[in-house]
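Nothing in this text is a laboratory measurement; each read-out follows from the coordinates by a stated rule. Note that the structure is predicted; figures quoted are calculated from it, not measured. All Cβ positions, even for glycine, are placed from backbone atoms using ideal geometry, and neighbour counts span all protein chains on display.
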Amino acid sequence: NAGVTQTPKFQVLKTGQSMTLQCAQDMNHEYMSWYRQDPGMGLRLIHYSVGAGITDQGEVPNGYNVSRSTTEDFPLRLLSAAPSQTSVYFCASSYSGGAFFGQGTRLTVV
Amino acid sequence: AQSVSQHNHHVILSEAASLELGCNYSYGGTVNLFWYVQYPGQHLQLLLKYFSGDPLVKGIKGFEAEFIKSKFSFNLRKPSVQWSDTAEYFCAVSTLGFQKLVFGTGTRLLVSP
């Protein structure tokens, strides 16, 4: 069972570069979300989606873009990376009983 | 908007000690409550959850939590911790019918052998 697959696991970007973090789930969940985890701040919601074609902003959406063309995939795009986006990113796929998380992407912006 | 408070940011215990981690939430309506655990270098995993019914819920690895509605609390407990319980613990809440989770800031637990 794959669950939630996130790639890449590690990434170093230069300021101003763009990139896409991939997230795929095979559980047919409608709800998917992206969080960033920073020391002492817990997990903060970046964007979420309640189904294909529907996305919405979370708590910290600035500098990030998402799309949901299929139920399975929910990529997160960094438009122009900034050092403040250095963080660990988690994708989650949820149903009424809770959420399943991907392994995380450790992103460093230099 | 909902919010979740975890008052203990760092907890250090010896093996076999008892554990209680506090979690309070602010929301006036019906909520679903969760505790997640993150072992070093790993992703979050569900420990236990409360939706309705018996306010004392049991999860994996000997953990339990008690929902006290009047106190807006969902504290996590374990009678006797082990070195392998060293991890970060997150309390989270979602409102009924919604799957958007709001997390607390987490509690880092270090269990010394």
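What is the magnitude of the charge dipole of the protein assembly as shown about its Cα centre, with +1 placed on the Cβ of each Lys and Arg, -1 on the Cβ of each Asp and Glu, and no other charges, expressed in debye to the nearest 20?
Dipole about the Cα centre, nearest 20: 280 debye.
What ranking, highest mean first, results for peptides A:31-39, B:1-9 when packing means the other Cβ atoms within 10 Å averaged over each residue?
So the order, starting with the most tightly packed, is A:31-39, B:1-9.
Tell me which residues come under 5 Å, amide H to amide H, from A:Q17 once H is placed; ignore anything under 5 positions away on its chain.
A:A81
Report P(r) for chain A: all Cα-Cα distances, bin width 10 Å, range 0 to the bin holding the largest distance, values in whole percent.
Here the calculated profile for chain A is 16, 52, 29, 4.
FRET efficiency for A:S69 and A:Y95, Cβ-Cβ distance as r, R0 = 30 Å, nearest 0.05?
Result of the calculation: an efficiency of 0.90.
Count the lysine pairs in the protein assembly as shown that are 8 or more places apart or on different chains: how many have C-alpha atoms under 27 angstrom apart?
18
Mind jotting down a quarter of the surface of the convex hull over the alpha carbons of the protein assembly as shown, in square nanometres, one decimal? Display every interim value, and only then the final one.
Values: hull surface 48.9 nm².
That works out to 12.2 nm², a quarter of the Cα hull's surface.
Taking amide H positions as placed in the peptide plane 1.01 Å from N, state which residues far from B:N32 in sequence (5 or more) or on other chains have amide H under 5 Å from it.
HN-HN under 5 Å from B:N32: B:S94, B:T95, B:L96.
If you average 1/r across every pair of different Cα atoms in the stretch B:26-69 and take the reciprocal, what Kirkwood value do you get, in Å?
Over the stretch B:26-69, the inverse of the mean reciprocal pair distance is 11.6 Å.
Considering Cα pairs under 8 angstrom that are at least six residues apart, work out the relative contact order of the stretch B:68-113 and quote it in whole percent.
Once divided by the residue count of the stretch B:68-113, the mean separation gives 40 percent.
Can you order the peptides B:32-43, A:17-28 by their average number of other Cβ atoms within 10 Å per residue, highest first?
With the highest mean Cβ count within 10 Å placed first, the list reads B:32-43, A:17-28.
Just tell me how shielded A:38-47 is by partners: mean number of partner chain Cβ atoms within 10 Å of each residue's Cβ, no decimals.
Mean partner-chain Cβ count within 10 Å for A:38-47: 4.
Take every residue in peptide B:46-59, count the Cβ atoms of other chains within 10 Å of its Cβ, and give the average of those counts.
For peptide B:46-59, the averaged partner shielding equals 1.
Give a residue-ordered list of calculated ³J(HN,Hα) values for the stretch B:58-72 (Karplus: 6.51 cos²θ - 1.76 cosθ + 1.60, θ = phi - 60°; whole Hz; x for Gly, Pro).
Calculated HN-Hα couplings, in order: 10, x, 7, 6, x, 7, 9, 9, 10, 8, 10, 4, 5, 9, 6 Hz.
If amide hydrogens are placed 1.01 Å from N in the peptide plane, which non-local residues have theirs closer than 5 Å to the one on B:T86?
The list, which skips near neighbours in sequence, is B:V111.
How would you order A:100-108, B:68-76 from highest to lowest mean count of nearby Cβ atoms within 10 Å?
A:100-108, B:68-76
Counting only other chains, what is the mean number of Cβ atoms within 10 angstrom of the Cβ of each residue in peptide A:91-100?
Mean number of neighbouring Cβ atoms from other chains: 5.
Provide the convex hull volume over Cα atoms per residue for chain B, in Å³.
Expressed per residue, the convex hull around the Cα atoms of chain B is 96 Å³.
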